[in-house]
Amino acid sequence: MGQRNFDPVTRRGFLKAGAAIAGAAALQGPLLGALGPTSSSKTKRVLLVLFAGGVRSKDTIGTPANVPNLMRLAEKGIVLPNCRSANLGHYGASLSILTGVPEYMGIRENSRGYNPTIFEYVRKELTLPASGAWLSANNGSQGVNFAYGLNRQWGAPYGANVIDGDGIFNQEFREVIGQFGTPRADSASDADAMARLRGAIEQKGDGKAVNDEATAARVEKYIVDELTKSETASLTGPGAGDAKALRIAGNILQIFKPTLTCVSLTNADVAHGSYNAYVDVIKRNDQELGRILDAVQQDAGLRDSTSVFVVPEFGRDKNLNQRNGLDHGDGSEELNRVACVAWGPDFKSGKTITTDCDTIDLCPTICRMLGVEAPLARGKILPRLLG
Amino acid sequence: MATTPSIKRTVAFAPSPGTVEAAALDAPSSATAAKLSREPADRRFVRAVMIDLAGRSPLEVEWTAANGKPRGEWVHMVARSIAAAESFYEEELFYFLLIDNFRPSTDAFIEIPQMLVEHKISTREMLRQIVSSQFFNSRNPGNDTFVTVVLEQLLGFTVQKEPAVLDAGKRMYDGYTANFLGKSGSSQADLVRIAVEHLSLESCFLSRRFTSIFVDDPPKKRLAADAARLRADPLAWSEIVAGWINSQAYDERLAKPRPKSDRVFVRSLYADLFGRVPDYQEFRRCRNALLALSDSRPLRSVLIKLMLDSDAADALAAAAVDRNGYVRERFLQFLGREPTQGESSAFVRELGDGANPKLLLRALLTHSEYQSY
């Protein structure tokens, strides 16, 4: 995988990250502060990576060899090493980041939250089509619940397009394709005829679908391309679900150029049974993150307008368990505090801000960057991020 | 490896408008005695009932069986059929998320649909067997999850409001003597027995089944009456649901199309295109993929194209001599209505200009109107 558009890991970066974890007070300051006028913001789109599944800072920015691409991001952007988690169950903690509210959801909850998500805030206020907000998830049964909450002032009409890549781009669905044959692209004349025929049907939909007809057609084409032209479905092995989620997010970013793209990862939770497998997942995810960053750098439509946030939903225990794995329940600082790395055209470069913050601050902060309010979010606007 | 799909169920705190009128539900439909025909209104009715009871569009043999039957009688016949029992059982498993690796696979469970048809097992006993199974236990490991799911899904409790009940259940699950829902026990088996015997079982079951058909909540008095009937006669489920469908309220419901679930969509697509029901693996692969999207419509379109492009759909797309008749029949089959003059003209014109009939089918099947019933 390529890393050519970002500087290599530097000793400075390593020392900086280490210092941040040690809690060196580099940039202490008040929590409240404005990001500055959004009208002058160069950021037009945001990629939010929930580097989740429970990932300790000491295994990421504390061990730069595990995450060269994340360190590259940190080198050019900012590190917030003292982000407090909102919840210690994967689902609730990830949902909290997306809503900006501590969500007391159980680990196996399988229902939507009460609160609007960042997707809803952004889509509603910016009047975006569904192609403007995407979530590439590896959350199995829970991922689609992130699309929108139950608050009726927002809700489904403003939800994200959620795609769980491991649920579609897998061997099982390949067998479906094998049964019927590889999908063929329409000829121009067939496409024209289809458009005429669809247009002739007089009863229209109820308008309640996430995607309008035009967006649905674009998503349909994207799925066919992903099934027939990309390598996503052939990704296998430990951490393949996360790798697919990141690969898909990168593709979506390039094709749809959404205002907001989110990736939700989970495979690091193999840590319960094996520390080594957990580190392997982190390394693989970092590689895939690198692919996205390369793609952003190479795309003139993304390069100078995309900001990236990377944050786990929570960390993991301080000490290994009896299986040489890591659980998440000891109440330690390693569990409760995570590092957020942010990079983009508006950010300060190479700064570590050790002020305490919360993972729920990301929702209102990102909204503000995009010129949107998040009225029900309880997080704060993160201070002093911009250059 | 495929991930476990979302159940996409309605959460307990999502309010329902509750607009089904008790009087309309209690009043039999005026068409109960009328004989079913192949006319559009009856086709729409047959299609909707089959989707509600069998989870899919009708097969040709079922259209034929319906033709000429008194409507009310036909509804009772379908409610007692193996197709309805199989669909009902699968929906219950899906409700409890007993799918994929957690789907019960022992002979005792495989036989449940046939036993339901033969009245050898009641609804309550089926639920007891499901909740007592190793599959349910594996799906819901640990005292907190197990007791929570039993209380919420089997009995309709909001656990956050009943912490003492949850605690008592967890103690009983762990083998300690406890008083759970007013009864004493000291094991996981005791807990299941007490839950299944609880008065809320029937009302919770009937309420969610009613909502799956009518969208809205059932009227309270009718729910109480039906629950009492099912408690007194645990084999009465098929009669109760047939009563709902033979009501004026169901006729009114038909006027408001509702979206097809991914499950109904996949099964109906196989029935409509290939004239058969998908086997479980075919169905599961498609459904799991659809459930991986917050808006499955684009992938539904991909599936439709895949199926239509295959040889298996050739028969349905065979060139028709009577183009008007072909177009009319496809509208009736897929959308449950006559084409308008404009629609008919446009579709016939495309056929006349040499369009592949599969394009016509695809236009109908991918349209939002086919996504509802």
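Values in this text are rule-based calculations from the coordinates and carry no lab data. Since the model is a prediction, treat every value here as computed from it, not as a measurement. Note that we place each Cβ from the backbone using ideal geometry, even for glycine, and neighbour counts take in every protein chain shown.
With contacts taken as Cα pairs under 8 Å at a separation of at least 6 residues, chain A carries a relative contact order of 35 percent. The mean number of Cβ atoms from other chains found within 10 Å of a Cβ in peptide A:175-183 is 5, as a whole number. Dipole of the stretch A:6-369 computed with +1 at Lys/Arg Cβ and -1 at Asp/Glu Cβ about the Cα centre; of A:Phe173, A:Ile292, A:Asn267, farthest Cα towards the positive end is A:Ile292.
Over the Cα atoms of the protein assembly as shown, the radius of gyration divided by the Kirkwood radius equals 0.99; this is the Rg/Rh ratio.
Here, P(r) means the percent of Cα pairs in each 5 Å bin from 0 to the largest distance; for the stretch A:258-387 it is 2, 9, 15, 19, 18, 16, 12, 6, 2, 0. Taking max minus min of the alpha-carbon positions on each principal axis, the stretch A:6-369 gives extents of 67, 48, 40 Å, largest first. Values of log10 I(q)/I(0) for chain B across q = 0.12 Å⁻¹ run -0.97, by the Debye formula with one identical scatterer at each alpha carbon and no solvent.
In this structure, the residue pairs whose Cα-Cα separation is over 32 Å, taken from A:Lys229/B:Lys256; A:Lys58/A:Lys229; A:Lys42/A:Lys244; A:Lys229/A:Lys380, are A:Lys229/B:Lys256; A:Lys58/A:Lys229; A:Lys229/A:Lys380. Projected over every direction and averaged, the convex hull enclosing the alpha-carbon atoms of the stretch B:61-214 yields 10.5 nm². Both radii are taken from the alpha-carbon atoms of the stretch A:59-106; with Rh as the Kirkwood radius, Rg/Rh is 1.10. Remark: mean inter-chain Cβ contacts per residue of B:366-373 equal 5, using a 10 Å Cβ-Cβ cutoff to other protein chain atoms.
Both radii are taken from the alpha-carbon atoms of the stretch A:175-326; with Rh as the Kirkwood radius, Rg/Rh is 1.08.
Calculation over all alpha carbon pairs of the stretch B:224-315 in 5 angstrom steps from 0 returns a P(r) of 2, 11, 16, 15, 13, 13, 13, 10, 4, 2, 0 percent. Could you tell me the relative contact order of the stretch B:167-221? Use alpha-carbon pairs under 8 Å, at least six residues apart, and round to a whole percent. This gives 20 percent for the stretch B:167-221.
Rounded to the nearest 20, the size of the Cβ-charge dipole of chain A about its Cα centre is 1000 debye, with Lys and Arg at +1 and Asp and Glu at -1.
Across all Cα pairs in the stretch B:65-130, the calculated P(r) in 10 Å bins from zero up to the longest distance comes to 20, 48, 22, 10, 0 percent per bin.
Here is the tail figure for the stretch B:108-199: Cα pairs spaced more than 19 Å apart come to 39 percent of all pairs. I'd like the distance separating the alpha-carbon centroids of the stretch B:50-104 and the stretch B:335-353, in whole Å. So the two Cα centres are separated by 31 Å. Remark: the stretch A:177-194, residue by residue, has Karplus-estimated 3J(HN,Hα) of 5, x, 5, 9, x, 5, x, 9, 6, 6, 5, 4, 5, 5, 4, 5, 5, 4 Hz, where x stands for each Gly or Pro and the curve is 6.51 cos²θ - 1.76 cosθ + 1.60 at θ = phi - 60°. Among A:Glu125, A:Glu373, sorting on how many other beta-carbon atoms sit within 10 Å of each Cβ, with the fewest leading, yields A:Glu373, A:Glu125. Highest GNM mean-square fluctuation among A:Ser131, A:Ser332, A:Ser349, for chain A modelled with Cα contacts below 10 Å: A:Ser332.
Across peptide A:339-352, the average count of Cβ atoms from other chains found within 10 Å of a residue's Cβ is 0. Working from the Cα coordinates of the stretch A:162-262, the gyration tensor eigenvalues give, after taking √(5λ), semi-axes of 27, 18, 12 Å in decreasing order. Each Lys and Arg adds +1 at its Cβ and each Asp and Glu adds -1 at its Cβ; summed about the Cα centre, the stretch B:217-367 shows a dipole of about 600 debye. Distant-in-sequence amide contacts of A:Phe347, defined by a placed amide H-H separation under 5 Å and a gap of 5 or more residues or a different chain, comprise A:Gly387.
Charging the Cβ of each Asp and Glu at -1 and of each Lys and Arg at +1, and nothing else, the dipole of chain B about its Cα centre rounds to 380 debye. Considering only B:Tyr176, B:Ala84, B:Ile99, and ranking their Cα positions along the charge dipole of the stretch B:75-224 that arises from unit charges at the beta-carbon of Lys, Arg, Asp and Glu, the one farthest toward the positive end is B:Tyr176.
Within chain A, which is the longest segment that contains none of the chymotrypsin sites (Phe, Trp or Tyr not before Pro) sitting in a DSSP loop with at most 16 other Cβ atoms within 10 Å? Answer - A:115-387. Comparing B:Leu36, B:Leu359, B:Leu25 in a Gaussian network model of chain B where C-alpha atoms under 10 Å apart are linked, the largest mean-square fluctuation is found at B:Leu359.
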